[in-house]
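Reviewing the structure listed below.
The values are calculated or read from the model by the stated rules, or taken from the named source; none is laboratory data. Just so we're clear, the structure is a prediction, and the values are computed from it rather than from any experiment. Note that we place each Cβ from the backbone using ideal geometry, even for glycine, and neighbour counts take in every protein chain shown. Surface accessibility is based on the protein's heavy atoms, side chains included, excluding ligands, DNA and RNA. Shrake-Rupley method; radii C 1.70, N 1.55, O 1.52, S 1.80 Å.
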Amino acid sequence: MSMKNEMIWRIALIYILMLLVAGAILFQIIRLQFFESEKWINKSTPRKFTSFEVPSNRGNICAADGRILATTMSYYHIYFDAKVDSVQSETCFKNDIDSLSLCLSKFFKDASQAHYKQLLKDARNKGRRYFRINKRKVNFAEMEEIRKFPIFRYGPNLGGLIAEETSERNLPHGELAKSMLGSLKASQEDDKEGLRGIEAAFENELKGVSGKSVMRMMSGIQVPVPLTDPEDGYDVITTIDVDYQDIVHNALLKQLEKFEAESGTAILMDVKTGDVKAISNLSRTSSGSYTEQLNIAIRNSIVFGSVMKTATMIAVLEDGVYDLNDTVDLGGKGSYTFYEATMTESDNKKIGRESIRHIFEISSNGLTKLINDKYKDKPSRFVDRLYGMGLNKPTGIPFKGEGLPFIKRPGGKGWSGISLPWMSVGYEIELTPLQLLAFYNAIANDGQRMRPRIVKEIRQNGELIKSYPTEEVGGMICSRSTLRKVRELLVGVVENGTAKNIYTPNYALAGKTGTAITSSMKSAREYRASFVGYFPADRPLFSCLVVIDKPSRAIGYYASQVSSPVFREIADKVHAMSYLEIDEEEQEPQKTIPVSKNGYKQDFENIFNELNIDCEEEGVDQTDWVLTFSDETEDMLLKPRKLHNNLVPNVIGMGLRDALYILENAGLIVTFHGSGMVASQSLRAGTKIGEEGKRIEIELR
């Protein structure tokens, strides 16, 4: 065979073989696709991916100045896998077991080195893969320290250390305002919801949005792959001042311990804004200590007794039934009978003819006789007065479970012949402590009720998301003439009456005592001691309420002994921290004609020249900012407005443009509401910038 023929034969053979292989492949494709497809589909297993939620970080709850009141922190449970290679290695385990045992003993400080050594040896001998080293949880910093211990330092796969992470809500300031902050439901570890307090009221803002991930097999290992990232919750900024909160908490705690009381509540409120600056609710535990358990101030509608006499006096003065200097005869018996019920004076005082002013100052229960005499034929008129003061309405704060006020109406359920006189001294009327304080705060705030504000802002990473402005509620609680007289009465209680034990010559206090009987059994009578008022009385900055339940009768139970001293201690310390003596002329610019704002000197000089208004200047050569006045001849007078470096400026009376210029140049972040002249500012003038935060809110009217 020639060489050429041999080459052709070989090529043909290869070609035939390729055709056969191609035919076989085609045959298999047809067989699998059309004849056996169902068989192989049934045998195949779909690829499964396990999806799971990635929890978001819950937002913080912060004080007014940004200090954290509640935050979420990671903790770890420590376990030991005794079957990893380094532990099973005799040489490695023998060389490091003593050092590891010593480190654990020194860290946990609850057992000896020998004890921990024996635990680890037993776990190794039994081949334990999930042995809990200690029941105590450790924080992140402690966990990092433990990772450096002998054996553990080899890592989780070689060193046997297993750290199981969990998250918990942490309160950096301990018991301070704990019941107001609230708690979380004990549900799934990473899916807790607000149960009470701010945690529940602002659940939607705090919780954030969970992300999603799936577990996928990569190189033989299950690896989480994120699908959507979690969105962290917002931060809730409260009105609480941590320093004031500490004062209120400790003053209340000290008195509860002294009088062995069952529980107590104290609230501090900013008069002009209604901001709750401090709130403490303490109850006695079975061990005799006091902790924050229930939000008594908001949830519990209770009888207060004589502190409600203030509302009675407003009704009397508004109706013109009596005036402060009118004298009446209370009979000199010390008791007042209505049908078969008798109201007695405390300590069986025998009171004869006295002025209305003194009857109130000494908290005489003879008020029952006076009210019954004047209103028994028209009780609805008296009750309508109470309703007109807003005492029948809840505060409307955004908290679940606010207690509802209870005020009987003539002809309604429970109304009887003694309801009118009993209501006049605070019985058969129920309010929460916060509702009562809001009423007294209105008296301090020139008759204007403010809705109590506990949360002022929602923020995310420092950026403002939403703000909750201060809010006036309804109109004036009474006429200005009545208001002036009632404020005189409340000062008189401290200077001449039942609270004269807390009088101080340093500044004026105003308020009312109340001692209510909560259990009428003489053998086991129980009391509630209350004091509510405001300070300084001549220029109110704060209102404050103190209620103490079931003090020991053997030690003392009158409000003057139990709750009034707490008010005085709070007032002294808060006043010392917050009070700034401001020149009379700067505190309240005179309102004369023509009306003029305070502001930039050059602007006023130009305007007055244009209007041909004579203008006198007094000591303004070295200042750009002035106060404006008009004297008796209606000439304008300019006086210097004092501005100091590093202190919050006083911009009251200024227009918006000038106020913004001064405040922003002082380094403050300004928000404003309304129009006209600045009527109030949230940071008090003269305080150091930064002490109460750098955000200031001004209101224009």
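Quick one: Cα convex hull volume of the range 267-425, Å³ per residue? Intermediate results must be reported in sequence, preceding the final value.
Values: hull volume 27.5 nm³, N = 159.
Taking only Cα atoms, the range 267-425 has a hull volume of 173 Å³ per residue.
For the range 400-486, with only Lys/Arg (+1) and Asp/Glu (-1) charged at the beta-carbon, what is the dipole magnitude about the Cα centre, in debye rounded to 20?
140 debye
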Write out the chymotrypsin sites (Phe, Trp or Tyr not before Pro) in the range 313-387 meeting two conditions: DSSP loop, and at most 15 other Cβ atoms within 10 Å of their Cβ.
TYR339
Å³ per residue of the Cα convex hull, for the range 476-552?
124 Å³
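Leaving out ligands, DNA and RNA, and with a 1.4 Å probe, what % of the accessible surface on the range 501-544 is carbon or sulfur?
Working: 840 of 1690 Å².
Taking all protein chains in place, the range 501-544 shows 50 percent carbon and sulfur surface.
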Of the heavy-atom accessible surface of the range 216-321 (probe 1.4 angstrom), what whole percent is carbon and sulfur?
47 percent
The range 400-444 - percent of accessible surface contributed by carbon and sulfur, probe 1.4 Å
57 percent
Residues with amide H under 5 Å of GLY674's amide H, sequence separation 5 or more or different chain, H placed in the peptide plane at 1.01 Å from N; which?
LEU700
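Give a quick list of trypsin sites (Lys or Arg not before Pro) in the range 360-392 that DSSP marks as loop, anything other than H, G, I, E or B, with at most 15 other Cβ atoms within 10 Å.
Numbers: sites: LYS369, LYS374, LYS376, ARG381, ARG385; in loops: LYS376.
In loop regions of the range 360-392 (DSSP not H, G, I, E or B), the sparsely surrounded trypsin sites (Lys or Arg not before Pro) are LYS376.
Using 0.36 nm per residue of separation minus the Cα-Cα distance, give me the extension gain between ASN170 and GLN33 in nm, one decimal. Present the calculation step by step, with values, prior to reporting the outcome.
Numbers: separation 137, 0.36 × 137 = 49.32 nm, distance 6.30 nm.
Working it through step by step, the gained length comes to 43.0 nm.
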Looking only at lysines whose Cα falls under 26 Å of LYS106's and that sit 8 or more positions away or on another chain, we get LYS83, LYS94, LYS117, LYS121, LYS126, LYS135, LYS137, LYS148
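How big is D, in µm² s⁻¹, for the range 81-155 by Stokes-Einstein at 37 °C and 0.692 mPa s if Rh is the Kirkwood radius over C-alpha pairs? Spell out each step's value before the answer.
Numbers: Rh = 12.6 Å.
Answer, rounded: 260 µm²/s.
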May I have the pair-distance distribution P(r) for the range 336-467, computed from all Cα-Cα distances with 10 Å bins from 0 and rounded to whole percent?
10, 31, 31, 16, 6, 5, 1
